[in-house]
1. Add +1 for every Lys or Arg and -1 for every Asp or Glu among the other residues with Cβ under 15 Å from the Cβ of Cys99, and state the total.
2. Grab the Cα-Cα distance for Thr125 and Asp146, subtract it from 0.36 nm times how many residues apart they are, and report the gain in nm with one decimal.
3. Say each of Asn295 and Ala195 gets a label point 7 Å from the Cα, pointing the same way as Cα to Cβ; how far apart are those two points in nm?
4. Report the relative contact order of region 162-257, percent, no decimals, based on alpha-carbon pairs under 8 angstrom and at least 6 residues apart.
5. Round to a whole angstrom and tell me the spacing of the C-alpha centers of region 186-208 and region 302-325.
6. How much FRET efficiency would the formula 1/(1 + (r/R0)^6) give for Val315 and Glu211, where r is the Cβ-Cβ distance and R0 is 41 Å, rounded to 0.05?
7. Could you bin all the Cα-Cα distances of region 162-257 into 10 Å bins starting at 0 and give me the percent of pairs in each, rounded to whole numbers?
8. Using a ≥ b ≥ c from the Cα gyration tensor of region 259-333 (square roots of the eigenvalues), is it rounded, prolate or oblate, where a/c under 1.5 gives rounded and otherwise the larger of a/b and b/c decides, a/b for prolate?
Amino acid sequence: MGEGQEWAVDGEVSIVLTKNSKRLLAFLVALVLVAAACSDDSGDDEAADGDGETAGGGGEVLASVTDANVIRCGTRDALPGFAVLQDDGSHQGFDSDFCRVIAAAVLGDAEAVEHVDLETDDRFTALQSGEVDVLVRNTTWTASRDGVEGATFLQPNFYDGQGMMVAAGSYESVDDMGGTVICVASGTTTEGNVASEFSRRGLEVEVLSFENTDLIQEAFIGGRCDGWSADRSQLTGLRSAFPDGPDSLTILPATFSKEPLAPAVRDGDAAWAAAVEWAVFATIQAEEWGITSENVDSFLESDDPNIQRFLGVEVDGAVLDPGLGLPADYAYQVVKQVGNYGEIFDRHLTPLGLERGVNSLWLDGGLLYAPPYK
Ligand SMILES: N[C@@H](CCC(=O)N[C@@H](CS)C(=O)NCC(=O)O)C(=O)O
């Protein structure tokens, strides 16, 4: 993508015994059908053992999270706008709120979250080892990570792209930065992208990698870095909190990668993955219907059966249970306790000057689209 160019890209089945015997019967019929469908699935053992079983793949994490009544969410403590540890010990930010979205959906309590601070380099090990149940940590979904890190990536909560930040007045374009030193965080997509981008432009570069952003900032202030490269959203947040003030830094116009930042869970638990993913979808769908934390109660009286189902209201004498292992009112709890996608964005990212851009709803030309809850 060229300089100055606009960036425009692009269940264990959870059986809930209710007094409603009809519903149980319908469930058992569905279960038999699923089993039949699976046995028909000749030659594809992997599908039968995994996602092919709909709400049946794994479920251990979903069960352990429910038992513990808390979600251990891998995140960060010093990323302005996304996840910042406050003096009172709470976490504030866009990613922190998506940890709460998952807790509100699964446990009905947005505060049932243990925010686990992870260094960039340690995040996949923490996920693989079970130290955390989910990662919501400005983590880019890539093929290699999907393939070798034992991670299942879900609906991105922020579509980003990599950029370059420099001292104001020092450089106008990446093309002017041949032979410079660029500072990045280690264990990130950022490192490799800098090398590829400079090579693509026919420029020499030295990449200096640091464990975290505090160290990058120190090096930058100490004059060791000509440029600081990271996801644009991060650069925006970091610039806003820069000790010499935001105006002392410029983010160059070029965006030179796709960085879909997505929640990730450990491979092998399709039920847990589905629960997390549908929690994120709820924020998007709620925004599409104009349902907010403020007005959600009025929607409980909606005449629209789609909205009623979404909020866990009875339609034709039954509450929809799609077999995701989520409580019927999960979307209501997400919106009521945390808000819809737009509210979360406005709370944390709009104040930084970030625009919705590709993170707008599909109806507004963006990439955010939730499948129907039916
Ligand atoms: N999205 C990229 C970069 C994510 C990342 O970890 N960035 C670093 C560099 S800004 C970060 O979050 N640092 C926060 C910190 O370690 O303080 C990835 O998944 O590799």
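Bear in mind that the values in this text are calculations on the coordinates, not laboratory data. The structure presented is a predicted model; accordingly, all values stated were derived computationally and were not measured. When we count neighbours, we look across all protein chains shown, and the Cβ atoms used for this are built from the backbone with ideal geometry, even at glycine.
1. Once all neighbours under 15 Å are counted, the net charge is -4.
2. In short, 6.2 nm is gained.
3. 5.1 nm
4. Reported relative contact order: 47 percent.
5. Computed from Cα coordinates, the inter-centre distance equals 49 Å.
6. Working from the Cβ atoms, E equals 0.20.
7. It works out to 17, 59, 23, 1, in whole percents.
8. oblate
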